[in-house]
1. On average, how much accessible surface per residue is there in segment 65-108, in Å², for a 1.4 Å probe, leaving out ligands, DNA and RNA?
2. Just want to confirm a number: the relative contact order over the chain, from Cα pairs under 8 angstrom separated by 6+ residues, in percent.
3. How much of the accessible area of the chain, probe 1.4 Å, is carbon plus sulfur, in whole percent?
4. Excluding same-chain residues fewer than 8 positions from Lys258, which lysines have a Cα within less than 29 Å of its Cα?
5. Ser337 to Asp222: FRET efficiency via 1/(1 + (r/R0)^6), r the Cβ-Cβ distance, R0 56 Å, to the nearest 0.05?
6. Which order do the peptides 131-141, 236-246 come out in when sorted by mean C-beta neighbours inside 10 angstrom, highest first?
7. Is the shape of segment 243-358 best called rounded, prolate or oblate, per the rule: a/c under 1.5 gives rounded, else a/b larger than b/c gives prolate, else oblate, with a ≥ b ≥ c the square roots of the Cα gyration tensor eigenvalues?
8. Simple spin-label model, 7 Å along Cα-to-Cβ: Gln159 to Ser53 in nm?
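The values are calculated or read from the model by the stated rules, or taken from the named source; none is laboratory data. These numbers were taken from a predicted model, which means no experiment stands behind them. Don't worry about glycine lacking a Cβ; one is built from the backbone with ideal geometry, like all the others, and counts go over all protein chains shown. Side chains included, ligands, DNA and RNA excluded: accessible areas come from the protein's heavy atoms. Shrake-Rupley method; radii C 1.70, N 1.55, O 1.52, S 1.80 Å.
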Amino acid sequence: MKFSFLSIILVFTLIISACKDKSSLPTKTDEHDELLEDKAELEQAYNLQKKISAQVFASKETEPVAANISDDAADDPSIWYNPAQPSESIIFGSNKKGGIVAYDLQGKKLAYYEVGNVNNLDVIYGFPHGEKSIDILGASNRSSQGIDLFEISKDGILQSLLPEGFPMDSKIDDVYGFCFGKTPDGKHYAIINGKNGVVRQYEIVSKNDAVDLQLAREIALDSQPEGMVTSQNGKTLYIGEEQLGIWQIGLHPDSTSKSLLTDSGEKNLNIKYDVEGLALLKTDSIEWLIASSQGNFSYAVFDVAAAHKYLGSFIIADGTNIDGAQETDGIEVSSDSLSTEFPKGVFMAQDGFNYDGEKQKAQNFKYVDVRAILELFEK
Ligand code: CA
Ligand code: CA
Ligand code: CA
Ligand code: CA
Ligand code: CA
């Protein structure tokens, strides 16, 4: 009798814990955030991609991130230029399943910082902090629903500047995109957005040896944004509204300038939503805005100096040794001379479907020689 009573309790406990497990399982949209699982949609994306003729190849790829093969895990790459040893510059990549990975220019993992489900990353240089001028890596962290800031040491090691984190309030509903910006008056900003369209710009301040963030302004968009980037001259903030196009907004917090880039919408037949990662490629002669067009596995290029005229799109195609990139989230580009392999810089793209031959691996990031992209669109 006693035994069966215990059995009933045990069964109940099991049922309750099973229900609990189920309810705490991530929903499909959380777990496979943006990952195209619909076969028809996937086929359409591949078919649309075939219409883009301009192509480049990846010359390196990172080790896969620590995640399951089916996980949407890798998201946003960022480049830290090492001025003392350019060939030892570091690629930081976010892993939405647990942290920030540091890679060398060969794609080898150098470190993994298990700081939570980090979504987007960015690097800013030369922030005056106490007696020092420091480089900072910043991130939107979906585990803590806040902003993380790390000092990047001379050797590229991350050390948290906000040990307690910097949580958002519930007005930002699920933190998402992140970038830095520096206005001509020398102020440094950390900019974060939420899936609900709220964008916040914080001034980064240095006080008594600590770093703090002070709200400078808030912008509300109508639908989900993510990718953001600021111009080197510190005047413009670009925000991708995933199902709408790209906003050009004055970076100064008092600026009211806000316009939608006309060619960045889906009426441009080479662009298929979502608009995802954004990056700016600037050399002595050109400044191009590059956007990941996630719905057709390609990248659209706009000429900043010519009123953001659309120059064309390219894809990262399957090469002999390294596969191409599909369903890219974050991108980043640097025109710094990094190494003999990347003398004019590197373009980084997240790869949603990473294959080594026939074998699927967890997601990773691809490295493209910037010269290949310049050749495609430079007149
Ligand atoms: Ca994704
Ligand atoms: Ca980034
Ligand atoms: Ca997205
Ligand atoms: Ca791939
Ligand atoms: Ca691969």
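1. On the way: 1340 Å² over 44 residues.
Value returned for segment 65-108: 30 Å² of accessible area per residue.
2. Working: 974 pairs, mean separation 58.2, N = 379.
Relative contact order, the chain: 15 percent.
3. Details: 8980 of 17300 Å².
It is 52 percent, rounded to a whole number.
4. Leaving aside lysines fewer than 8 places away in the same chain, those within reach of Lys258 are Lys171, Lys182, Lys187, Lys195, Lys235, Lys267, Lys272, Lys282, Lys309.
5. Values: r = 41 Å, r/R0 = 0.74.
It comes to 0.85.
6. Numbers: 131-141: 20.8, 236-246: 22.9.
So the peptides 131-141, 236-246, ranked by packing, come out 236-246, 131-141.
7. Working: a/c = 2.15, a/b = 1.36, b/c = 1.59.
Taking the square roots of the gyration eigenvalues as a ≥ b ≥ c, segment 243-358 is oblate.
8. Modelled inter-label distance: 5.4 nm.
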